[in-house]
Amino acid sequence: MTAQTAEAREGFYQQLTERLEDTRRQGLFKQERVLMSRQGPEVMCDDGVTRINLCANNYLGLSGSESLVKAGQKALEDFGFGLSSVRFICGTQGPHKELEARIAAYLGTEDAILYAAAFDANGGVFEPLFDEQDAIISDALNHASIIDGVRLCKAQRLRFAHNDMDDLERQLQAAAGARHRIIVTDGVFSMDGTIAQLDRIVALAEQYGALIMIDECHATGFMGATGRGTHEHHGVIGKIDIITGTLGKALGGAMGGFTAGRREVIETLRQRSRPYLFSNSLAPAIVGTSLAVFDELEHSSARREQLHENTAFFRHEVAALGFTIKPGTHPIVPVMLFDATLAQSFAQRLYELGVIATGFFYPVVPQGQARVRVQLSAAHTREQLTRALAAFAQAGNELGILKQG
């Protein structure tokens, strides 16, 4: 290697160093919080302090629960640690097929397919099903995994303004020449807690002969009368063509994703979806534990009811303190601070006061829309939430966020 080529290589690393230093100077560096305990409503951090956890996707409080630990141990004993294979070679066990059938039955579809992660489910759903003759019409605030999945597909791409049904109709009209049109939306949007207007989307889809796909990562297990999801919440079960979701949030919190729909859709994905064909099978312990999750969901509504009670309490009380929150009923509660540096400072002060909540800013959310996102869990006690609210009040007063009486 010559001195010139060595200098060129070193320039790459210097560029990265400068970018990271600039991020730190702006107060926008994302610092990972290291936990030394199981996931739960309270967690012990690597400094030995136990803090109230308000930022996990542990909606039903199942992550780290003793009953799931035992189910995982049983699956590990029966089926081993891993399969060292992809599904179509020799990586399919009986529990994989059983879990896919349980997911399909729970969501009201004909079949389902498992992925290593929900990101893979969204990344692998479009390219096998659509091509340049088709059109994908996507909500402007859809999850990054949907955006990346669409990019891998040759279909025409159109976007409609977030949750704007008039603009959705305009885009459906603009794509009138396409062979097939599919409307794609998050069921619940992860940064805002906004619930998609699926009833109105279904009406437009039926009017224009379009298909519908929804990402249910922040809905499956607790949205709707029996927890089936956003399509149950809006009374349109059976009218959604493709549903993607995760096992890594409300349904136990480990990892794993799925796509559910009609049999011909799922079979096409088994034959052609690259993340499915070229990724190791989901670990047996996760599959076995997930089956235990569905057993609990189908026999008790207690966790779901507690989650909604906790959500209503926290939303009311944090607004009463004087914070600006995004309106809604979902356990995602965005506390709006608008300034990125302030959001980071507020999250850090909460951490010092015994509460974990994460600040979000551009490019994760739009410019000028920085926030601390709170996520409620069924496992939170009223006492824990009351202590967390006291920390919010103290940090808000210290940083000048709340107006003094």
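The values are calculated or read from the model by the stated rules, or taken from the named source; none is laboratory data. The structure presented is a predicted model; accordingly, all values stated were derived computationally and were not measured. Here Cβ is always computed from backbone atoms with ideal geometry, including for glycine, and neighbour counts include all displayed protein chains. Surface accessibility is based on the protein's heavy atoms, side chains included, excluding ligands, DNA and RNA. Shrake-Rupley method; radii C 1.70, N 1.55, O 1.52, S 1.80 Å.
Shape analysis of the range 66-299 based on the Cα gyration tensor places the equivalent ellipsoid semi-axes at 31, 20, 14 Å, largest first. Please work out the Cα center distance from the range 341-393 to the range 200-255, rounded to the nearest Å. Comparing the Cα centres of the range 341-393 and the range 200-255, I get a distance of 27 Å. Using C-alpha pairs under 8 Å with a sequence gap of at least 6, the mean separation divided by the residue count of the range 320-400 gives a relative contact order of 31 percent. Beyond 20 Å, the tail of the calculated P(r) for the range 22-167 holds 71 percent of the Cα pairs. Under 5 Å between amide hydrogens, built in the peptide plane, is the criterion, and for VAL184 it picks out ILE137, SER138, ASP139, MET213 among residues at least 5 positions away or on other chains. Averaging the sequence gap over all C-alpha pairs within less than 8 Å and six or more residues apart, then dividing by the number of residues, gives the chain a relative contact order of 21 percent. Within the accessible surface of the chain, defined with a 1.4 Å probe on protein heavy atoms only, the carbon and sulfur portion equals 52 percent. Each Cα pair under 8 Å and six or more residues apart adds its separation to the average, and for the range 66-299 the resulting relative contact order is 31 percent. Listed by chain and number, the lysines placed with their C-alpha closer than 26 angstrom to that of LYS154 are LYS239; residues fewer than eight positions away on the same chain are left out. Summed over the residues of the range 1-52 and divided among them, the accessible surface reaches 81 Å² per residue at a probe radius of 1.4 Å. Partner lysines whose Cα lies under 20 Å from the Cα of LYS403, excluding those fewer than 8 positions away in the same chain, are identified as LYS326.
In a reduced charge model with +1 at each Lys and Arg Cβ and -1 at each Asp and Glu Cβ, the chain shows a dipole moment near 220 debye about its Cα centre. Taking every DSSP helix (H) stretch of at least 4 residues in the chain, weighting each as -39,500 (n - 2.57) and dividing the sum by the residue count yields a mean residue ellipticity at 222 nm of -13000 deg cm²/dmol.
Annotation: the range 273-344 has a Kirkwood hydrodynamic radius of 16.1 angstrom, from the mean reciprocal C-alpha pair distance. Using the Karplus relation 6.51 cos²θ - 1.76 cosθ + 1.60 with θ = phi - 60°, the per-residue 3J(HN,Hα) values for the range 320-331 come to 5, 5, x, 7, 8, 10, 6, x, x, 10, 7, x Hz, with x marking Gly and Pro. Note on the chain: Cα Rg divided by 2.2 N^0.38 Å, N the number of residues, gives 1.04. Surface analysis of the range 219-338 yields an accessible area of 39 Å² per residue, using protein heavy atoms and a 1.4 Å probe.
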